[in-house]
Amino acid sequence: MRRVAYSLLAPFVALAQQPAGEDRIAALEQAAAAAQGSADNAWMLASTALVLLMTGPGLALFYGGLVRKKNVLSTLMHSFVLMALASVMWAVIGYSLAFGDGNMFVGDLRFAFLDGVGMEPNGDYAGTIPHLTFMAFQMMFAIITPALISGAFAERMKFSAMVLFTILWLLIVYFPMAHMVWGKGGFMNAFGDGPLPCFDFAGGTVVHITSGVSALICAIYLGKRHGYPHEPIKPHNLVFSFTGACLLWFGWFGFNAGSALGASGLAASAFVATHLGAAAGALGWLLAEWMRSGKPSCLGGISGAVAGLVAITPASGFVKPMPSILIGFAAGLVCYFMVVAVKHKLGYDDALDAFGVHGVGGTLGAILTGVFATKAVNDGLGTAALGMVDGNGFQVVNQTLGALFAWILAAAGTWVILKICDVLIGVRVPADDEIQGLDLSQHGEEGYILES
Amino acid sequence: MKKIEAIIQPFKLDEVKEALKAIGVDGMTITEVRGHGRQKGHKEVYRGQEYNVDLLPKIKLELVLPEGRVAEAIQTLTQSARTGKIGDGKIFVYEVAEAIRIRNDDRGDAAL
């Protein structure tokens, strides 16, 4: 203990012994940088863990409660297997394809197998935290993004096909998309002189539009669940869903405020925007539901909170608190309308509304980021006007084009990947297996064994 | 011997049990069942998807009693299970051919 205390004090002891002058100033600067690095690293490691919490148990429980009890384990597995699979893929090749220099569209292989990713910061992305911390933080995004899609194909996709689908989807859609928006030299990276500068603070486009639109394609390609919509397909445990949604809300502080990549004022701003977005989203959905169907439901409240969180994600590091309330509230209303009215009109079976919440909320958030982004919150571009409120109305067009590009890449990529999976192993379980439930047919176990 | 089969509201079970115990009826078998008579179900809405639930949770209670106890038991049951609203349930009475206690082969009323 004494030795630890001494080592912590060492820079100051050294300072005291030095003569005045440049040496002393240099040592002070070094001590200040070390202190900032420690603070940033502490917040970023905590944020990294928070983002993992969003997938398991957050999203897993949210989705797991919404399916029938015969599919609860298979739905939990859709999230859990990604905590394993996407992590390993990220370390082997994903991080490099997303954040290696490469070209405008995809990274190169310089960081493959985490070569050169160590304790020294990478100044291109986050100059105050270990490169490993940055890599691990981004890894958690690569886990949750494909997990979000599982809401669309729940209760009917083969597990083997889901694994193959995810591997290809990460390679073809996610890694390139992350590079284009966040990677050095990326096509849409507003802070790296990309030709189509888009603001996406924590992944509205990269995470929610790509996963939401891919979910829509999956729902259409796989077709409806057996019996939908004529037979009752009710959520089997909304208490799970409630718990999961609240864990998502909690973990989202890591997702958004962590995207500041340091324990900064910007992180605090994103934290507040995130919370208000979720709160207003819940209010928006509840209000719409109360007026339309006469009763405000618990499922409606948590769905609205998630919709608000999705929409505030790209905006969280760019907008002031009051616009974040507007964005969240708008997402609650619009996503409610999508899920209860438009989905039934169009007739596709997006089982758990991955598109209705993430695709629609993500797109809305991307566009509204262009409206409300302000240099008063984010000085990443110096004194340049950011969004419409700063007088740069054209940013709304940029944001819309960026969202459109993500829609096209996600839709086309997903369609091709599903075709490949279908030809190789078939994407949908046989009808008998579906009726029996995926827990038994895919995993050989049951979630609830009451007689044991 | 008669068998009394009563379908009652789940929340009335404790009251019914206490009332039966008070008149000296101790043995019974209960099952959680679902069903409906004239009682209408209710509507549930999950993200805009409406479901009409018409099979409602009920408790089925079965008793086998000597002839002499049946009338009293039925009266106790109706009084304790009644709320006066639709959905209170029904009682059915059957003849029982034989009763056998597995432990010692007692037969008839002695087995009850």
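In the set (1) at pLDDT 90 or above; (2) surrounded by fewer than 17 Cβ atoms within 10 Å (Cβ to Cβ), the condition left unmet by B:LYS43 is number (1).
Inside region A:307-338, can you point out the residues that are crowded, with 24+ Cβ neighbours inside 10 Å and among the aliphatic types (A, V, I, L, M)? Once the filter is applied, which keeps residues that are crowded, with 24+ Cβ neighbours inside 10 Å and among the aliphatic types (A, V, I, L, M), region A:307-338 yields A:ALA307, A:LEU309, A:VAL310, A:ALA311, A:ILE312, A:ALA315, A:VAL319, A:ILE327, A:ALA331.
Working carefully through the options B:GLU15, B:GLU50, find the one that is surrounded by fewer than 18 Cβ atoms within 10 Å (Cβ to Cβ), within 14 Å of chain A (Cβ to nearest Cβ) and among the charged types (D, E, K, R). Testing whether each residue is surrounded by fewer than 18 Cβ atoms within 10 Å (Cβ to Cβ), within 14 Å of chain A (Cβ to nearest Cβ) and among the charged types (D, E, K, R) leaves just B:GLU50. Between a first residue in region A:227-244 that is more than 8 Å from chain B (Cβ to nearest Cβ) and in contact (Cβ under 8 Å) with a residue 40 or more places away in the chain and a second residue that is assigned to a loop (DSSP other than H, G, I, E, B) and among the polar types (S, T, N, Q), which pairs have beta carbons less than 9 Å apart while being 6 or more apart in sequence or on different chains? That search, which allows pairs on different chains as well, returns A:LEU238/A:SER297. Against the conditions (1) touching a strand residue (DSSP E or B) at 6+ places or on another chain (Cβ under 8 Å); (2) within 18 Å of A:ALA315 (Cα to Cα), A:GLY223 satisfies every one except (2).
Quick check on A:GLY365: is it of a type outside the set (D, E, K, R), more than 17 Å from A:MET180 (Cβ to Cβ) and surrounded by fewer than 24 Cβ atoms within 10 Å (Cβ to Cβ)? So A:GLY365 fails the test.
Here A:ALA257 does not qualify as at pLDDT 95 or above, within 14 Å of chain B (Cβ to nearest Cβ) and under 27 Å from A:PHE175 (Cα atoms).
Scanning region A:293-302 for residues that are facing chain B (nearest Cβ under 10 Å), out of contact with any Gly (no Cβ under 8 Å at 6 or more places or on another chain) and assigned to a helix (DSSP H, G or I) turns up A:LEU299, A:GLY300.
Here the condition is being within 13 Å of the chain's Cα centre (by Cα) and exposed (fewer than 15 other Cβ atoms within 10 Å of the Cβ); of B:ARG38, B:ARG34, B:ARG103, it holds for B:ARG34 alone. Considering only residues in region A:275-292 that are within 26 Å of A:ALA403 (Cβ to Cβ) and within 12 Å of another protein chain (Cβ to nearest Cβ), the one that is surrounded by the fewest Cβ atoms within 10 Å (Cβ to Cβ) turns out to be A:ALA288.
Listed by first and then second residue, the pairs with beta-carbon distance under 6 Å, at least 6 apart or on different chains, first residue in region A:360-376 and under 15 Å from A:ASN392 (Cβ atoms), second polar (S, T, N, Q), are A:ILE367/A:GLN399; A:ILE367/A:THR400; A:THR369/A:GLN399; A:GLY370/A:GLN395; A:GLY370/A:GLN399. For A:HIS344, the conditions (1) surrounded by fewer than 23 Cβ atoms within 10 Å (Cβ to Cβ); (2) at pLDDT 95 or above are fulfilled apart from (2).
The values are calculated or read from the model by the stated rules, or taken from the named source; none is laboratory data. These numbers were taken from a predicted model, which means no experiment stands behind them. Neighbour counts run over all protein chains shown; Cβ positions are idealised from the backbone, glycine included.
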